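The values are calculated or read from the model by the stated rules, or taken from the named source; none is laboratory data. Because the structure is a prediction, the values reported are computed rather than measured. Every residue, glycine among them, receives a Cβ derived from its backbone with ideal geometry; neighbour counts consider all protein chains shown.
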Amino acid sequence: MSARFTSRIEVAGPRGERFDEILTPAAVDFIAKLDNAFAGRRRELLDERRRRCEELAAGERTLDFLPETRWIRNDPSWQVAQPAPGLEDRRVEITGPTDRKMTVNALNSDAKVWLADFEDATSPTWANIIGGQLNLYDAIRRNIDFESNGKQYRIGDNPATIVARPRGWHLVEKHIRIDGRPVSASLVDFGLYFFHNARQLIARGSGPYFYLPKLESHLEARLWNDVFRMAQDELGIPQGTIRATVLIETIPAAFEMEEILYELREHAAGLNAGRWDYIFSIIKNFADAGADFVLPDRAEVTMTVPFMRAYTELLVSTCHKRGAYAIGGMAAFIPSKDPEANAVAFEKVRQDKEREANDGFDGSWVAHPGLVPVCDEVFTETLGGWPNQLGRLRDDVSVTATDLLNVASAGGDVTEEGVRSNINVALRYVDSWLRGTGAAAIFNLMEDAATAEIARCQVWQWVRNGTKLGDGTAITPELVRQWLDEELASVRAELGDSRLDDAREIFEETALGEKLPSFFTTCAYARYLTDVR
């Protein structure tokens, strides 16, 4: 498929059934208008991201709360918008990709909200991106009934509220080009969904709602707010109709939570503790900063370690101070056929959700419909008859920059098992991602791209810092390659050839290269998921 809508706009990608219903001339023109207005600012903000990361690595910059925006933090008068229809009660939210089966199952899961994910849980193939838009288009119009393997799928009478998550500012969509350059993937995902569905959602008593990923500053939030304002004007929709929940999943954003809410205040619905990406961001930004920033085995970095507690408590306090919802992190467990394993896992999920509810969160995430009841039960016990905990202002919380950056407080060890686990899980996930599945069931957990990012970044950091195992063995590139060969053989024996050779190549480049790439997904997307150069 290659269609030139105007002399400047080209859509190039495999033609799929009904793709023309999404890629209409008017919809593509809408994306082009957004791109024309905001592409320059987006590039400037991404340049600032790179500068900040380089300066942090070189010790030329430190992270702290911004003195120039102290007036925003000290002004008690401002609040975010009132909760929008369908977002008044968010005690349990389910996340997942926008394939057809997941769309129906998520909407029927009894969760209050479905995060329809075009980002970390979706491998960004052209078929997945446009097919996902079609699935949401059909679901919103209650036209998604289908049969698979003899089972009938249809949406029930009380579906979850849809909140779409577009891809982050750092990603592009190579299949849509303006003047020969690829368009921001954020604007493609947001633009297609908003253009086709905003009026229909409003007519159904809901609205166009979004989760915003990977933000690193309030200026990036301001850019989104300006996108929202222009989009609403273009379609003649009242300002403030859009609602956005921001994932606080980068360490720079943790220092600008109030400013991010302020920039989006007419559209803000809350903040989410995107904990896996947050850990990834810390490793990435301080990978070269020495032993004080070296984290132990991935499994030991729990939400109870001090620097993670500081992050989540500050998030709840910030949100409730401004009338915004605080949404907790992911429970990634997948129920299995083993009753004993299920009992242990469900108890861990319960404890995690009880901690969040007791801390003041207004709801939390699960990755599987089977976990909706336990999350709902925990938050219902805490909320009582209320839909949220906005009244708990958490005035007792006082978090400093030192608290947020006290990575050494995690303690713990780096073990051979931990290194091998990172290699094994990264190979499995990247293989799945290359085959078009971005939400991968691995060892009874639903993993997305954040897991692979943490895994490969930790290996890079351990190698760069000469981290030692308990017996004094240093983690070297040679040792990692030896274990990589062994883990690859083990995974291959279980999965077959699949895309494991490509997965290995990506892992070596992004975990053992001289420089640490910001994301494995950017280069892997360009090389493997599109034939557009």
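Structure summary
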item: Subset of the stretch 355-373 that is touching a helix residue (DSSP H, G or I) at 6+ places or on another chain (Cβ under 8 Å) and free of Cβ contacts under 8 Å to residues at least 40 places away in the same chain - its residue that is farthest from ASN444 (Cα to Cα); result: ASN358
item: Residues located in the stretch 377-402, provided they are out of contact with any Asp or Glu (no Cβ under 7 Å at 6 or more places or on another chain) and not in a loop (DSSP other than H, G, I, E, B); result: GLU377, PHE379, THR380, GLU381, THR382, LEU383, THR402
item: Candidates GLU220, GLU266 - the one that is within 26 Å of GLN389 (Cα to Cα), of a type in the set (D, E, K, R) and over 15 Å from the mean Cα position of the chain (by Cα); result: GLU266
item: Pair list, Cβ under 8 Å, 6 or more apart: the stretch 147-163 residue in the same structural domain as ASN108 (by TED's automatic domain parsing), other residue part of a strand (DSSP E or B) and of a type in the set (Ser, Thr, Tyr); result: GLU147/TYR153; THR161/TYR209; ILE162/TYR209; VAL163/TYR209; VAL163/TYR211; VAL163/THR245
item: Only one of TRP433, TRP460 that is of a type outside the set (Ser, Thr, Tyr), under 24 Å from ALA291 (Cβ atoms) and modelled with pLDDT of 95 or more; result: TRP460
item: Some residue of the stretch 132-141 being free of Cβ contacts under 8 Å to residues at least 12 places away in the same chain, assigned to a loop (DSSP other than H, G, I, E, B) and under 22 Å from GLU17 (Cβ atoms); result: no
item: Qualifying helices (runs of 4 or more DSSP H) (wholly inside the stretch 1-82; at least 3 residues being closer than 30 Å to ALA198 by Cα); result: 19-22, 25-57
item: Count of the stretch 379-423 residues which are within 27 Å of ALA289 (Cα to Cα), surrounded by fewer than 21 Cβ atoms within 10 Å (Cβ to Cβ) and of a type in the set (S, T, N, Q); result: 7
item: So GLY270, is it over 24 Å from MET330 (Cα atoms) and modelled with pLDDT of 95 or more; result: no
item: Breaking point among (1) among the aliphatic types (A, V, I, L, M); (2) at pLDDT below 95; (3) part of a loop (DSSP other than H, G, I, E, B), for ALA111; result: (2)
item: Hits in the stretch 198-216 (condition: assigned to a helix (DSSP H, G or I) and free of Cβ contacts under 8 Å to residues at least 60 places away in the same chain); result: ALA198, ARG199, ILE202, ALA203
